[in-house]
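Participant: First, the structure itself, so that you have it in front of you.
The values are calculated or read from the model by the stated rules, or taken from the named source; none is laboratory data. Because the structure is predicted, anything quoted here is derived from the model rather than measured. For neighbour counting, all protein chains shown are included, and Cβ atoms are generated from backbone atoms with ideal geometry for every residue, glycine included. The accessibility values were calculated without ligands, DNA or RNA, using every heavy atom of the protein model including side chains. Shrake-Rupley method; radii C 1.70, N 1.55, O 1.52, S 1.80 Å.
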Amino acid sequence: MTQTMTAQETPAIKVRKMRAVKTCDLCGSDALEEIAEATSSRCRTVMCQGCGLFFASPSLAVEELEDFYDDEFEGDAGTNRRVGGEGIETRKIAKEESIARDWAMPIITEHMDLADKTVLDIRCRSGGLAEMLSKAGAVVTAIDPLEPNADHARARNTIAQVDFLPVTQFTRLVENGYENFDAVTALTIHTLGHMPSPKAFLKSIFGTLKPGGYLFIDEKDLFYPARTHGSSVFDTGTAHFFHFSIDTIRGYLSSVGFEVLECGLDPARKKAFRHVRTVARKPLEGETAAADIPVCDPQARKAALHQAQASMQRKRLVNKLARKTRAAVRKVWS
Ligand SMILES: [Zn+2]
């Protein structure tokens with residue numbers, strides 16, 4: 001049965017400090033066009049006319065981030081909201097482990113032999129992937145901005161090092177002592193979209209890698225919505241700063257100096273959005289990767305966005321119809 005909340009029971013939406021964003025993080029252009037106005041489930045969203053990146057402007061202020069993860073974020077098994085309520089959710093941990101085993105590990109082992117390699121696992125969450133990497137022979141350092149996640153990962157006793165590290169420090173990995181890794185993995189949850197500057201984050205990862213080191217990173221493609229909660233592809237919460245597509249992900253990686261080995265829609269991952277399977281490599285000394293920032297055709301971008309929104313609306317109608325049919329069938333058989 002659905003319960004209706006009265007006005008008094010509705011939790012207040014915390015008013016947070018916002019930060020003006022006047023230029024594009026990827027290409028530096030200041031030609032920004034409003035695409036979606038702000039609502040309770042998103043920030044105002046703009047499109048860069050230079051490279052076609054979509055992002056929040058204004059966005060949540062950087063100094064609000066740590067508090068946001070403590071107070072409002074509830075996506076992980078180990079968020080304070082869950083731990084403070086019913087405790088770490090074992091079902092969520094099992095789900096993380098199955099994605100790590102069936103999806104993430106095959107991508108990694110296709111590109112490298114893990115024996116005796118050093119790996120930095122960013123946003124390790126409950127530690128499922130970090131544990132599997134360790135069992136495959138890697139020496140793993142795992143970091144996460146939620147203490148209950150880090151505690152859970154540490155309690156596995158299978159990962160060489162597990163650290164709590166606030167999101168705001170993810171752009172200062174070398175300064176925090178994380179250096180000389182053979183690989184960086186960020187496959188347990190998408191990270192780029194939640195960084196105040198994906199470029200600063202990727203530069204920081206580039207700095208932690210040895211020459212020839214690999215980056216495995218997960219992100220979603222804005223133009224391929226696969227599930228229909230919310231009424232717009234931008235309704236993904238106020239701490240979601242950036243929305244990507246294959247070309248802007250590729251542009252980010254090459255603008256930082258990575259050689260892009262893989263960057264395409266993954267056939268297996270399509271929960272809320274289709275995921276982009278991305279593998280990049282830091283060039284060896286003497287090699288250089290070509291900087292390749294996408295050039296935007298604003299009309300084509302808007303047409304693609306329009307199509308994505310329309311496909312979302314269609315799915316919503318189909319889901320609604322399916323729900324109604326199921327309810328009717330249940331009524332007949334009850
Ligand atoms: Zn741009």
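Participant: Dividing the convex hull volume of the Cα atoms of segment 133-180 by its residue count, what figure in Å³ per residue is obtained?
Facilitator: Working: hull volume 3.4 nm³, N = 48.
Convex hull volume per residue, Cα atoms: 70 Å³.
Participant: Okay, helix-only estimate at 222 nm for the chain: each DSSP H run of n ≥ 4 adds -39500 (n - 2.57), divide by all residues, round to 500 deg cm²/dmol; what do you get? Please report the intermediate quantities before stating the final value.
Facilitator: On the way: 9 runs with 104 residues, N = 334.
Calculated at 222 nm, the ellipticity per residue is -9500 deg cm²/dmol.
Participant: Under a straight-distance cross-link criterion of Cα-Cα below 17 Å, which aspartates and glutamates are reachable from Lys135, leaving out those fewer than 8 residues away in the same chain?
Facilitator: Cα-Cα hits under 17 Å: Glu96, Glu97, Asp102, Glu110, Asp113, Asp116, Asp121, Asp182.
Participant: Starting from 0.36 nm per residue, how many nanometres of slack lie between Val332 and Arg19 once their C-alpha separation is accounted for?
Facilitator: On the way: separation 313, 0.36 × 313 = 112.68 nm, distance 5.43 nm.
Extending this stretch completely gives an extra 107.2 nm.
Participant: Now for a separate question. Please work out how much length the chain gains when fully extended from Asp292 to Glu147, using 0.36 nm per residue of separation minus the C-alpha to C-alpha distance, in nm with one decimal.
Facilitator: Contour length minus Cα-Cα distance gives 48.4 nm.
Participant: In the chain, if the dipole is taken from +1 on Lys/Arg beta carbons and -1 on Asp/Glu beta carbons about the Cα centre, which of Cys27, Ile93, Val174 is farthest to the positive end?
Facilitator: So the residue furthest toward the plus end is Ile93.
Participant: Still on this structure, please answer the following. How fast does the chain diffuse by Stokes-Einstein, in µm²/s, taking the Kirkwood radius from C-alpha pairs at 4 °C and 1.567 mPa s? Walk me through the numbers on the way to the answer.
Facilitator: Working: Rh = 21.1 Å.
Reported coefficient: 61 µm²/s.
Participant: Among Pro198, Val279, Leu265, which residue has its Cα positioned farthest towards the positive end of the charge dipole of segment 18-303, with +1 placed on the Cβ of Lys and Arg, -1 on the Cβ of Asp and Glu, and the dipole taken about the Cα centre?
Facilitator: Leu265
Participant: Around Glu131, with a cut-off of 12 angstrom between Cβ atoms, what is the net charge of the other residues, counting Lys and Arg +1 and Asp and Glu -1? The partial results should precede the final answer.
Facilitator: On the way: positive: Arg101, Arg125, Lys135, Arg154, Arg156; negative: Glu96, Glu97, Asp121.
Summing Lys/Arg as +1 and Asp/Glu as -1 gives +2.
Participant: Compute the normalised compactness of segment 274-315: alpha-carbon radius of gyration over 2.2 N^0.38 Å, N being the residue count.
Facilitator: Details: Rg = 16.9 Å, N = 42, 2.2 N^0.38 = 9.1 Å.
Output field value: 1.86.
Participant: Is there a pair in Lys117/Lys210; Lys92/Lys282; Lys210/Lys270; Lys22/Lys199; Lys270/Lys315 whose C-alpha atoms are over 21 Å apart, and which pairs would that be? Mind dumping the intermediate values first?
Facilitator: Details: Lys117/Lys210 11 Å; Lys92/Lys282 33 Å; Lys210/Lys270 32 Å; Lys22/Lys199 16 Å; Lys270/Lys315 14 Å.
From the list (Lys117/Lys210; Lys92/Lys282; Lys210/Lys270; Lys22/Lys199; Lys270/Lys315), the Cα-Cα distance tops 21 Å for Lys92/Lys282; Lys210/Lys270.
Participant: Tell me which cysteines of the chain come out unpaired when the rule is another cysteine's Cβ under 4.7 Å.
Facilitator: Cys43, Cys124, Cys263, Cys296
Participant: Among Cys124, Phe54, Leu215, flag the residue with its Cα farthest along the positive direction of the charge dipole of the chain, charges on Cβ as +1 for Lys/Arg and -1 for Asp/Glu.
Facilitator: Phe54
Participant: Highest GNM mean-square fluctuation, the chain, Cα pairs closer than 10 Å: which of His243, His275, His306?
Facilitator: His306
Participant: How large is the charge dipole for the chain, taken about the Cα centre, if only the Cβ atoms of Lys, Arg (+1) and Asp, Glu (-1) carry charge, to the nearest 20 debye?
Facilitator: Values: 44 positive and 44 negative charges, 382 e Å.
Rounded to the nearest 20 debye, it is 1840 debye.
Participant: Same structure again: Only Cα pairs under 8 Å and at least 6 apart count here; give the relative contact order of segment 18-303 as a rounded whole percent. Write out the running numbers ahead of the final one.
Facilitator: On the way: 618 pairs, mean separation 50.9, N = 286.
With pairs under 8 Å counted, the relative contact order is 18 percent.
Participant: Calculate the dipole size of segment 195-334 relative to its Cα centre from +1 charges on Lys and Arg beta carbons and -1 charges on Asp and Glu beta carbons; express the result in debye to the nearest 20.
Facilitator: On the way: 24 positive and 12 negative charges, 284 e Å.
Dipole of segment 195-334, to the nearest 20 debye: 1360 debye.
Participant: Quick one: pull the percent of accessible area on segment 18-303 belonging to carbon and sulfur, 1.4 Å probe, ligands and nucleic acids left out. Write out the running numbers ahead of the final one.
Facilitator: Details: 5460 of 11470 Å².
The value for segment 18-303 is 48 percent carbon and sulfur by accessible area.
Participant: Still on this model: Have a look at the DSSP beta bridges in segment 18-303 and tell me what percent are antiparallel, nearest 5. Numbers along the way, then the final one.
Facilitator: Details: 27 of 45 bridges.
Around 60 percent antiparallel, to the nearest 5.
Participant: For the chain, report the accessible area per residue in Å² (1.4 Å probe, heavy atoms, rounded to an integer).
Facilitator: 48 Å²
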